[in-house]
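K.L.:
Below: one structure in structure tokens.
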Amino acid sequence: MDPVAAKYIGAGLACLGMGLAAMGVGNIFGNFVAGALRNPSAAAGQFTNAIVGAALAEGLGIFALVVALVLLFVV
Amino acid sequence: MADPIKQFELVPIVPITIGTGDFSFTNSALHMFIIVGLTAAFLLLTTSGRRLVPTRMQSMAEMAYEFVAGTVRQTAGTDGMKFFPLVFSLFMFVLLANLVGMVPGAFTVTSHIIVTAALAMLVISTVIVYGIWKHGTHWFALFAPSGLPKVILPLIVVIEVISFISRPISLSLRLFGNMTAGHIALKVFAGFVTAMAGAGALGFLGAALPVFMITALTALEFLVAALQAYVFTILTCIYLNDALHPGHH
């Protein structure tokens with residue numbers, strides 16, 4: 001295979017990881033809202049935990065993005 | 001279409017070369033000076049009156065203070081307030097850097113990994129140095145949670161060490177990735193607008209679609225700019241909590 005083509009295919013494959021991270025972030029906020037609707041008075045205290053969880057899940061998606069960017073612009 | 005990466009280019013404004021090293025004053029350095037100047041001017045001017053009933057501007061500064069102070073107290077405890085100057089400086093710098101980057105034509109300082117990596121290394125070295133200075137060898141209990149069966153302890157220690165090493169990497173990459181990806185997306189959609197508008201009458205009408213998209217994306221980017229500054233701050237507080245109270249998490 002042409003190395004340049006392989007590079008672009010690799011970058012595209014790396015972007016799949018970002019979709020999986022999106023599932024994780026959506027899961028966290030979906031469950032947060034579901035819990036907040038059941039007990040709205042406890043929601044404010046748990047918002048920080050939701051943000052931290054989303055940030056940690058999103059960080060792994062960012063790793064996938066960095067792999068894609070490295071493949072596109074550095075390798 | 002214009003290159004969406006070109007906006008991150010470093011341009012020397014005052015070229016300075018010492019020996020073989022390049023120490024030029026770049027647009028990145030200029031924007032950092034602007035950010036620090038804006039932060040200092042905002043906080044000094046708004047709080048110089050020191051009224052008991054705050055004016056609008058003074059209450060903005062007080063809200064920023066109370067917001068970060070509340071975050072530090074909640075995540076690192078009351079004795080975490082000794083790190084408040086560090087955390088507040090980091091929050092204001094990252095927030096202003098992200099917001100200044102949203103000004104059209106301005107340079108986004110936090111879209112360079114060297115800047116975010118330096119901030120993350122500052123946080124992690126503070127955690128390590130303060131943790132060992134304050135707790136000595138007890139600080140290493142962070143890597144061996146108490147109450148575990150001896151059989152799985154070596155495995156857990158390895159996992160905890162890897163998780164600790166990945167902290168500065170993920171802290172810096174998260175901020176860098178969010179800002180870089182957001183600004184590339186904005187530029188790509190801006191490129192669609194000019195490309196479609198230049199392609200005849202039908203394309204000119206069709207260009208309205210990416211204009212709507214770029215407006216929505218700009219609003220989203222403002223949200224991301226503030227949210228990532230908050231995420232950086234709160235993770236800093238959580239990591240500092242490990243230096244203050246190892247083994248209590």
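The values are calculated or read from the model by the stated rules, or taken from the named source; none is laboratory data. The model shown is predicted, which means the values in this text are computed figures rather than measured ones. A quick note on method: Cβ atoms are made from the backbone with ideal geometry, for glycine too, and the neighbour counts reach across all protein chains shown.
K.L.:
Could you list, ordered by first residue, the pairs with Cβ atoms under 7 Å in which the first is in the range B:1-28 and within 30 Å of B:Ala195 (Cα to Cα) and the second is in a strand (DSSP E or B), at least 6 apart or interchain?
P.N.:
Qualifying pairs under 7 Å: B:Leu10/B:Thr26; B:Val11/B:Thr26; B:Asn27/B:Ile13.
K.L.:
Here is a further query. Considering only the range B:224-234, I want to know if a residue exists there that is away from every other protein chain (no Cβ under 14 Å) and surrounded by 12 or more Cβ atoms within 10 Å (Cβ to Cβ).
P.N.:
Scanning the range B:224-234 turns up at least one residue that is away from every other protein chain (no Cβ under 14 Å) and surrounded by 12 or more Cβ atoms within 10 Å (Cβ to Cβ).
K.L.:
Can you find, within the range A:48-74, the residue that is farthest from the other protein chains (Cβ to nearest Cβ) among those that are touching a helix residue (DSSP H, G or I) at 6+ places or on another chain (Cβ under 8 Å) and over 18 Å from B:Ser170 (Cα atoms)?
P.N.:
The selected residue is A:Leu71.
K.L.:
Could you list all residues from the range B:25-45 that are within 22 Å of B:Pro85 (Cα to Cα) and aromatic (Phe, Trp, Tyr)?
P.N.:
B:Phe33, B:Phe42
K.L.:
Let me ask something additional. Filter the range B:171-189 down to residues that are farther than 24 Å from A:Leu56 by Cα and free of Cβ contacts under 8 Å to residues at least 60 places away in the same chain and give me whichever is nearest to the other protein chains (Cβ to nearest Cβ).
P.N.:
Across the range B:171-189, the extreme among qualifying residues is B:Leu186.
K.L.:
Against the definition (without any contact (Cβ under 8 Å) to a residue 12 or more places away in the chain and among the aliphatic types (A, V, I, L, M)), how does B:Leu205 come out, yes or no?
P.N.:
Considered against the rule, which asks whether it is without any contact (Cβ under 8 Å) to a residue 12 or more places away in the chain and among the aliphatic types (A, V, I, L, M), B:Leu205 comes out as yes.
K.L.:
Would you check if there is a residue in the range A:13-32 being surrounded by 11 or more Cβ atoms within 10 Å (Cβ to Cβ), within 13 Å of another protein chain (Cβ to nearest Cβ) and more than 20 Å from the chain's Cα centre (by Cα)?
P.N.:
No, there is no match, as no residue in the range A:13-32 is surrounded by 11 or more Cβ atoms within 10 Å (Cβ to Cβ), within 13 Å of another protein chain (Cβ to nearest Cβ) and more than 20 Å from the chain's Cα centre (by Cα).
K.L.:
Also: Working carefully through the options B:Phe143, B:Phe107, find the one that is over 20 Å from B:Thr233 (Cβ atoms) and within 17 Å of the chain's Cα centre (by Cα).
P.N.:
The unique qualifying residue is B:Phe107.
K.L.:
Which one of these does B:Ile159 not meet: (1) within 13 Å of chain A (Cβ to nearest Cβ); (2) modelled with pLDDT of 90 or more?
P.N.:
Single failed check for B:Ile159: (1).
K.L.:
Step by step: first the residues of the range B:73-99, then only those that are more than 13 Å from B:Thr110 (Cβ to Cβ) and within 14 Å of chain A (Cβ to nearest Cβ), then the one that is surrounded by the most Cβ atoms within 10 Å (Cβ to Cβ). Which residue is that?
P.N.:
B:Ala76
K.L.:
Still on this structure: Counting only residues that are among the polar types (S, T, N, Q), give me the helices (runs of 4 or more DSSP H) lying completely in chain A with at least 2 of them.
P.N.:
Fully inside chain A and qualifying: A:16-38, A:43-73.
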